[in-house]
Amino acid sequence: MKGFKIGILCAFLFLGMPIKAQNIKLDTYTFGDGLNFRGDDDYTMKITGFVQPYAETKIYTGDRFDTSVNRFRMRRVRLRLDGTTTNARFEYRLAFDLSGSSEVDDASSNYLLDATVSYNITNRIKATFGQRATYTDNRELFMTSDALQLVERSRLTSAFASIREFGLFLQGRFRTGGGTYLKPYFVVTNGDGGNVFSKDRGGLKVGGRIDFLPFGTFTNFGQFRQADVVRELSPKLVIGATLSHNSGMSSRRGRNSGSIIYLNDRDEESLPDYTKFGVDFMFKYKGFSALGEFMKTSAVVPEDITQRVRNDGTTSTTFEVDGIQDVENYVKGRMMLGEAYNIQLGYLFKNGISIDGRYTYLKADEHSFLNNATFYNRPNYYTFGIGKYLSRNYGAKIQASITHIDGSDGINDIDGNPIDGNEWIARMMLTISF
């Protein structure tokens, strides 16, 4: 609740102070695209936001076919402020989720999403400092939650994405001849995830991304939205690759700092390194869209680890794996190690009806938290979705999907009880933006 109050206070400060100082007036408003304000000396500010009420039913098949779990909640309540100062080279962003829900179900909840200040070094190079979504995640994390093609993000995202981080973010945009573009990104962050108020653990996370657009840029920021709402008149394609290295990670994948801690025999923290590599693409043309992603992770475990810290703060020297003391594989068994690919296709008809499909495959390393039967250990995810866009942009839409999940490797329900069949998830969500 404290975070909620801080978020509200900051929002009022950002809203009130510039208006008084710059004599801001409403410039334009389009439903779904936010309110645009303009003040003296070309000061600008944009306010956007959306709400997403959500319903979900989870069913386990086999002998426990009658077992189901229902959930109804406000999935997201987002508010974002973007603006420029009188010096147009400076920009800022402040974003909150007032629902207190996480971006993916197994991430910690933070009211503060983005808090950044950017400086346009040149017309082609921008530097951003603060907390934001990182460029070293898979392409789906480039898209905001109100612009998703299906109700929820793919399981690849929940398995490997760190989502938000605090640090320095550099991005470029260069023409490379013949209408092509190259977009490089470079990131240096603390590697601990978003909104970390506790001790900074481990070293830095360093990474980058390179995107190539062979047919020019997308229309109306379409590179950062999934469905082809604008119905691109010519083919648009972006192909990218990303690589990052986290020196000393205290969580499963770099989201929740301090959740997993190891010590050496001098009671000093000794943490594993985590490397992530990915390639992806997105294509759009006349209502058709395709998104493909691949991610692979690996870890290096320090040889001097002798203790692990329990949840209650006590320590233990046991690292048993299959009945024997095995420090390296015990540590790896608590991390998200393996590979995955995700492919999704969709078509948006001119009447606003969208038909979408997705297949996600996860392959766990021998020692990895991806083998956990309660949360993962499910190699295949098949999703079919249908949606109705109620406006000509992302202003309002209703979406439904059904996902079949392969439980052949042995899974548990949410209470840890073994299931002898598969899993089905039906979802429905309404999005209203302003």
What does the charge count around Asp114 come to, taking other residues whose C-beta lies under 9 Å from its C-beta (Lys +1, Arg +1, Asp -1, Glu -1)?
+4
For the residue pair Val77 and Asp322, what label-to-label distance in nm results when each label sits 7 Å from Cα along the Cα-to-beta-carbon direction?
5.0
If one takes the longest principal axis of the Cα atoms in the chain, at what angle in degrees, from 0 to 90 and to the nearest 10, does the Cα axis of helix 2-22 lie?
20
Set the bar at 32 Å for Cα to Cα. Now go through Lys296/Lys388; Lys58/Lys183; Lys276/Lys350; Lys284/Lys332; Lys58/Lys363 and name every pair that lies beyond it.
Lys296/Lys388; Lys58/Lys183; Lys276/Lys350; Lys284/Lys332
Listing His367, His245 from the residue with the fewest other Cβ atoms within 10 Å to the one with the most, what is the order?
His245, His367
Quick check: net charge around Phe215, other residues with Cβ under 11 Å of its Cβ, Lys/Arg +1 and Asp/Glu -1?
+1
Rounded to the nearest 500, what is the chain's calculated 222 nm mean residue ellipticity when only DSSP H runs of at least 4 contribute -39500 (n - 2.57) each, over all residues?
-2500 deg cm²/dmol
Taking every other residue with Cβ under 12 Å from the Cβ of Gly34 and scoring Lys and Arg +1, Asp and Glu -1, one gets -1
Which of Ser401, Asn70, Ile305 sits closest to the plus end of the dipole of the chain, meaning its Cα is farthest towards the positive end, when Lys and Arg get +1 and Asp and Glu get -1 on the C-beta?
Ser401
Hey, with R₀ at 45 Å, roughly what FRET efficiency would Trp424 and Glu268 work out to, going by the Cβ-Cβ distance, to 0.05?
0.40
Over the chain, what is the mean sequence separation of C-alpha contacts under 8 Å (at least six apart), divided by residue count, expressed as relative contact order in percent?
14
Computed over the stretch 279-341, the relative contact order (Cα-Cα under 8 Å, seq sep at least six) in percent reads 33
Given Cβ point charges of +1 (Lys, Arg) and -1 (Asp, Glu) and nothing else, what value in debye, to the nearest 20, does the dipole of the chain about its Cα centre take?
2140
So, relative contact order of the stretch 386-434 in percent, Cα under 8 Å, 6 or more apart, is 41
Among Arg231, Arg310, Arg76, which comes first, second and so on when ranked by fewest other beta-carbon atoms within 10 Å?
Arg310, Arg231, Arg76
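FYI, it's all coordinate maths here, none of it is from the lab. What you see is a predicted model; the values in this text were computed from it and never measured. Neighbour counts run over all protein chains shown; Cβ positions are idealised from the backbone, glycine included.
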